[in-house]
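Single-structure report; data block below.
The values are calculated or read from the model by the stated rules, or taken from the named source; none is laboratory data. Since the model is a prediction, treat every value here as computed from it, not as a measurement. Reconstructed Cβ throughout: ideal geometry from the backbone, glycine too, with neighbour counts over all protein chains shown.
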């Protein structure tokens with residue numbers, strides 16, 4: 001009995017290892033795609049590093065760094081690193097409750113943004129997004145179930161990372177505005193509060209809340225346009241989910257927190273976006289219903 005159990009476990013482990021090896025091959029292909037795009041400049045540097053063993057039975061990890069100077073203009077002692085991070089690919093054949101699947105891609109960063117947009121954090125997110133885009137491309141190119149599933153996961157992770165990166169830039173921008181508007185600190189005490197300072201900080205907070213909604217709506221609209229252009233119901237569903245989350249935020253939070261002007265603008269933009277989407281679906285200009293009947297796709 002014990003010998004039979006051992007043989008079954010060995011076969012299961014071997015099968016899981018083959019699945020993980022295939023995923024790692026796509027993972028490495030994504031890294032190679034980034035390096036190929038970088039060419040001889042050598043701004044991107046990838047290095048294999050030990051992967052954490054306690055997170056999943058199968059794991060691989062690669063460290064990534066972005067350099068300001070090309071490889072030919074720097075030596076090993078140059079400190080021109082603009083961004084650094086680590087990507088870890090995990091696989092648990094049994095799945096984990098928080099994963100919603102058997103694979104997970106984890107990104108670790110190591111930076112403190114000093115400037116907006118042109119900073120180490122956004123550069124690292126850009127590297128991760130480029131790798132995920134390459135993974136989605138190669139996964140779709142395989143045209144098998146595992147490849148297509150990996151491509152779908154990579155596309156979702158790509159959009160999540162892009163939205164998080166942009167939201168962090170918005171947060172940093174308004175944090176700087178808030179710091180400048182708050183009372184100054186002198187000799188162990190804050191300068192006395194005044195009406196103007198309180199009004200400024202409140203206005204900045206309102207503007208920040210509105211900007212998040214505007215960003216998410218704009219990103220959702222962009223995804224919807226791409227979904228129509230590529231005739232991809234999968235991308236359109238992502239857009240609808242993001243727009244739905246934005247609607248919930250607008251009605252549950254913005255309605256009570258924003259000033260009247262911001263509320264009016266939020267509702268107008270949201271209404272125009274929803275009307276435009278419903279109009280395109282209703283008119284069926286792109287003949288999406290016919291494409292669904294032919295391909296069996298579900299929009």
For the stretch 243-258, the count of residues that are surrounded by fewer than 20 Cβ atoms within 10 Å (Cβ to Cβ) and closer than 19 Å to residue 170 by Cα equals 4
Among the strands (runs of 3 or more DSSP E) lying completely within the stretch 32-103, list those that include at least 2 residues that are assigned by TED's automatic domain parsing to the domain that holds residue 137, closer than 19 Å to residue 19 by Cα and at pLDDT 75 or above.
58-67, 81-96
Exactly one condition in (1) within 15 Å of residue 156 (Cα to Cα); (2) buried (at least 20 other Cβ atoms within 10 Å of the Cβ) is false for residue 226; which is it?
(2)
Any chance the stretch 194-207 includes a residue that's touching a strand residue (DSSP E or B) at 6+ places or on another chain (Cβ under 6 Å) and at pLDDT below 60?
no
Tell me, which residue of the stretch 36-69 that is surrounded by fewer than 13 Cβ atoms within 10 Å (Cβ to Cβ), without any contact (Cβ under 8 Å) to a residue 12 or more places away in the chain and touching a strand residue (DSSP E or B) at 6+ places or on another chain (Cβ under 8 Å) is nearest to residue 129 (Cα to Cα)?
50
Give the number of residues within the stretch 196-244 that are touching a residue at least 60 places away in the same chain (Cβ under 8 Å) and not in a helix (DSSP H, G or I).
1
